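The values are calculated or read from the model by the stated rules, or taken from the named source; none is laboratory data. In this text the structure is predicted, and so the values were computed from the model without any measurement. Cβ placement follows ideal geometry from the backbone for every residue including glycine, while neighbour counts extend to all protein chains displayed. Please note that ligands, DNA and RNA were not included when accessible areas were found on the heavy atoms of the full protein model with its side chains. Shrake-Rupley method; radii C 1.70, N 1.55, O 1.52, S 1.80 Å.
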Amino acid sequence: MAAHRSGDSRRLDPLSGRFTDYIVIDTETTGLSVRKGAKLIEIGCEVIEFDDAVRVVGKPVQRHTDIKTLPYPGFPTDMQSILMAVLLTVPGESWIEETIFEKRFQIVEELEKMGGRVTVSGRQAVISGGRQLTGAAVCARELRGGAALVVAGLSAQGESVVKHAEYIERGYEHPDQLFGQLGAVIRIREQVEK
């Protein structure tokens, strides 16, 4: 999803079959129909499959989508905040329904600091996309939300500062290098202070 936001191409390898279920094209049923949960393709990414990897290519043509989190093999709740960050810049109105956990929309307040427009009602969030995000100081409150703030920062104009990066580092090894491969300039606080 970060590749989509940066307009870059990213090879993801190795991948488990569970992840590829969400992003590959199903050619066994109706030709080029999108397999259940294939949100990256639905919003306009090009996804190229290899035996042990997937390449995701960000494209300028983007489409809004709707999401309902479900247990596997449905759309994973861990990905909804990251996709929310992407959908903020995709023209149109998208919605996310969170059916697994309560209080999964903690990121909304932080995304609004960057200019995002999200309306939450219970377990549903409506994302008004197509806006240019602006860099801001935001606060990670958990792992996936922190990663989503970095993804939002990739598409924001200006500098973004994500406080409490320890949440991100808990789940991603060397996030500065990972996102750096997509053209982001990320400095972890300890690196900045040295």
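A compact table of results
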{"item": "Options 187, 141, 131; residue that is part of a loop (DSSP other than H, G, I, E, B) and either modelled with pLDDT of 90 or more or polar (S, T, N, Q) (or both)", "result": "141"}
{"item": "Considering residues of region 52-104 that are hydrophobic (A, V, I, L, M, F, W, C) and more than 15 Å from the chain's Cα centre (by Cα) only, the residue modelled with the highest pLDDT", "result": "100"}
{"item": "Test result for residue 159, on the phi < 0 side of the Ramachandran plot, exposed (fewer than 13 other Cβ atoms within 10 Å of the Cβ) and without any contact (Cβ under 8 Å) to a residue 40 or more places away in the chain", "result": "yes"}
{"item": "Qualifying position, being part of a loop (DSSP other than H, G, I, E, B) and open to solvent by 60 Å² or more (accessible area, probe 1.4 Å), among 102, 93", "result": "102"}
{"item": "Criterion: more than 20 Å from residue 78 (Cβ to Cβ), out of contact with any Phe, Trp or Tyr (no Cβ under 9 Å at 6 or more places or on another chain) and β-branched (Val, Ile, Thr) - qualifying residue of 119, 99", "result": "119"}
{"item": "Residues of region 60-90 that turn out to be in a loop (DSSP other than H, G, I, E, B), open to solvent by 80 Å² or more (accessible area, probe 1.4 Å) and not hydroxyl-bearing (Ser, Thr, Tyr), as a count", "result": "5"}
{"item": "Number of the condition not met by residue 120 [criteria: (1) over 23 Å from residue 186 (Cα atoms); (2) touching a Ser or Thr at 6+ places or on another chain (Cβ under 9 Å); (3) not in a loop (DSSP other than H, G, I, E, B); (4) not acidic (Asp, Glu)]", "result": "(2)"}
{"item": "Count of residues meeting criterion [within 24 Å of residue 132 (Cα to Cα), modelled with pLDDT under 90, open to solvent by less than 90 Å² (accessible area, probe 1.4 Å) and outside any helix (DSSP H, G or I)] in region 162-184", "result": "4"}
{"item": "Boolean, residue 109 is touching a Pro at 6+ places or on another chain (Cβ under 9 Å) and either part of a helix (DSSP H, G or I) or open to solvent by less than 90 Å² (accessible area, probe 1.4 Å) (or both)", "result": "no"}
